């Protein structure tokens, strides 16, 4: 079961039937060139009047907002991740009602499993047998995992500098791994050239519209786990802007279906050196990030693919954006782990760093219910954390030595 939908271009507003297009709006994307945000990103618009007629608010059928029928879903347990109150971290940050949505507990350790899952489901629907993606690691390991469960061939382009832990995941799931001597943007371009010549379904973020639909399920779960209410604000770590757009899409769907009246404020958190979307939100003028070198590899990108839709999402929600330094990210990662038991990779920890940075900020009510979206597990990139830690020396198997060590002798 899925609701009727059509694709609508986020720029020109043209509409297309479900199988009329696969990737971008043909009209708007004609002027797109590699090295700039995608043009003509498509958004799935459902029959919201029909959903209202079929909706039972006390027994919500979440399939009403499915963009792919359940019979095509891979046998892979994606989603339904924990939603937890984090009071000790909230006290540190100066907020009284803080929650975490921990998507680092998806099968591959990343929220991006949600997008891969839905694109793989559509591949099964359309009988595509090969999926292709470019990634800094998380989308790649996610797609490899889901393709393994679905019995699909997977070809991955990654920057050669991607964390080894993510490359291990990709290879363990049987995908074909092609490291690229270059940036994420280089890998993205090369993957498009590959599918244009050799075929296969390209899962690239925002390029395939179902990546946004897949990621919106995190927002639908937040609504459900929050007692059928929208929180006042959600902090989202932002690289390409697709997770941010997906969360916005979830609450837009709920509002259009009559379940909420007001969107949660979306607060976009970017790394200082990868700030293209933040700059776009702040000034209204787009420019690429000049040198996106950050420890948060999953949100390191020069030309974010979904910049246009991401800016629209933040502005429509009444939210705002901020940046955090690598030092703030690592400090936020440690504080989050120490106070909540949640080990987030650096990109995901950007949300925690942003929360700490907002202490005393008049733009956000310290009593409001706020959600941190934790997008990936810390074991995705343990090397980043290890640089700040000092592993203890081994002790002899003697209790006296242990006591002396613990007493600082």
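The values are calculated or read from the model by the stated rules, or taken from the named source; none is laboratory data. Note that the coordinates shown come from a computational prediction; the quantities given were computed from them, not determined experimentally. Note: ideal-geometry Cβ built from the backbone for every residue, glycine included; neighbour counts use all protein chains shown.
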Inset, instruction - Say whether the condition of being more than 22 Å from residue 218 (Cα to Cα) and either in contact (Cβ under 8 Å) with a residue 24 or more places away in the chain or within 21 Å of the chain's Cα centre (by Cα) (or both) is met by at least one residue in segment 67-78. - result: no
Legend entry - Matching option when the condition is more than 16 Å from residue 220 (Cβ to Cβ) and outside any loop (DSSP other than H, G, I, E, B), among 95, 89: 89
Inset, instruction - Give the residues of segment 126-165 that are within 17 Å of residue 214 (Cα to Cα) and in a loop (DSSP other than H, G, I, E, B), sorted by residue number. - result: 135
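Does residue 400 satisfy being in a helix (DSSP H, G or I) and more than 16 Å from residue 103 (Cβ to Cβ)? Outline the logic, then answer.
Numbers: in a helix (DSSP H, G or I): yes; more than 16 Å from residue 103 (Cβ to Cβ): yes.
Taking the combined requirement at face value, the residue satisfies it.
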Legend entry - Breaking point among (1) modelled with pLDDT of 95 or more; (2) under 20 Å from the mean Cα position of the chain (by Cα); (3) under 30 Å from residue 331 (Cα atoms), for residue 252: (3)
Inset, instruction - Residues being without any contact (Cβ under 8 Å) to a residue 60 or more places away in the chain and either in a loop (DSSP other than H, G, I, E, B) or loosely packed, with under 13 Cβ neighbours inside 10 Å (or both): count how many of those fall in segment 353-395. - result: 13
Legend entry - Single residue of segment 300-316 satisfying the filter (in contact with a helix residue (DSSP H, G or I) (Cβ under 6 Å, 6 or more places away or on another chain) and in a helix (DSSP H, G or I)) that is surrounded by the most Cβ atoms within 10 Å (Cβ to Cβ): 310
Legend entry - Of the criteria (1) touching a helix residue (DSSP H, G or I) at 6+ places or on another chain (Cβ under 6 Å); (2) assigned to a helix (DSSP H, G or I); (3) buried (at least 24 other Cβ atoms within 10 Å of the Cβ), which one residue 123 fails: (1)
Inset, instruction - Could you grab me the full set of residues in segment 189-226 that are closer than 19 Å to residue 37 by Cα, touching a helix residue (DSSP H, G or I) at 6+ places or on another chain (Cβ under 8 Å) and either in a loop (DSSP other than H, G, I, E, B) or at pLDDT below 95 (or both)? - result: 203, 204, 205, 206, 207
Inset, instruction - All but one of (1) in contact with a helix residue (DSSP H, G or I) (Cβ under 9 Å, 6 or more places away or on another chain); (2) under 26 Å from residue 35 (Cβ atoms); (3) at pLDDT below 90 hold for residue 180, so report the exception by its number. - result: (3)
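Scanning segment 43-62 for residues that are surrounded by fewer than 17 Cβ atoms within 10 Å (Cβ to Cβ) and in a loop (DSSP other than H, G, I, E, B), which turns out modelled with the lowest pLDDT? Write out each step before concluding.
Initial filter on segment 43-62 (surrounded by fewer than 17 Cβ atoms within 10 Å (Cβ to Cβ)): 45, 47, 49-50, 52-59, 61-62.
Next cut, in a loop (DSSP other than H, G, I, E, B) only: 47, 55-59, 61.
Values: 47: 95, 55: 91, 56: 86, 57: 76, 58: 82, 59: 90, 61: 93.
Within segment 43-62, the match that is modelled with the lowest pLDDT is 57.
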Legend entry - Residue check, residue 120 at pLDDT 95 or above and on the phi < 0 side of the Ramachandran plot: yes
Inset, instruction - Answer yes or no: is there a residue in segment 243-261 that is crowded, with 23+ Cβ neighbours inside 10 Å and in a loop (DSSP other than H, G, I, E, B). - result: no
Legend entry - Selection count, segment 262-299, where residues are over 27 Å from residue 378 (Cα atoms) and assigned to a helix (DSSP H, G or I): 5
Legend entry - Candidates 303, 349, 394, filtered to the one that is at pLDDT below 90 and out of contact with any strand residue (DSSP E or B) (no Cβ under 7 Å at 6 or more places or on another chain): 394
Inset, instruction - Kindly establish whether residue 40 is assigned to a loop (DSSP other than H, G, I, E, B), at pLDDT 95 or above and touching a helix residue (DSSP H, G or I) at 6+ places or on another chain (Cβ under 9 Å). - result: yes
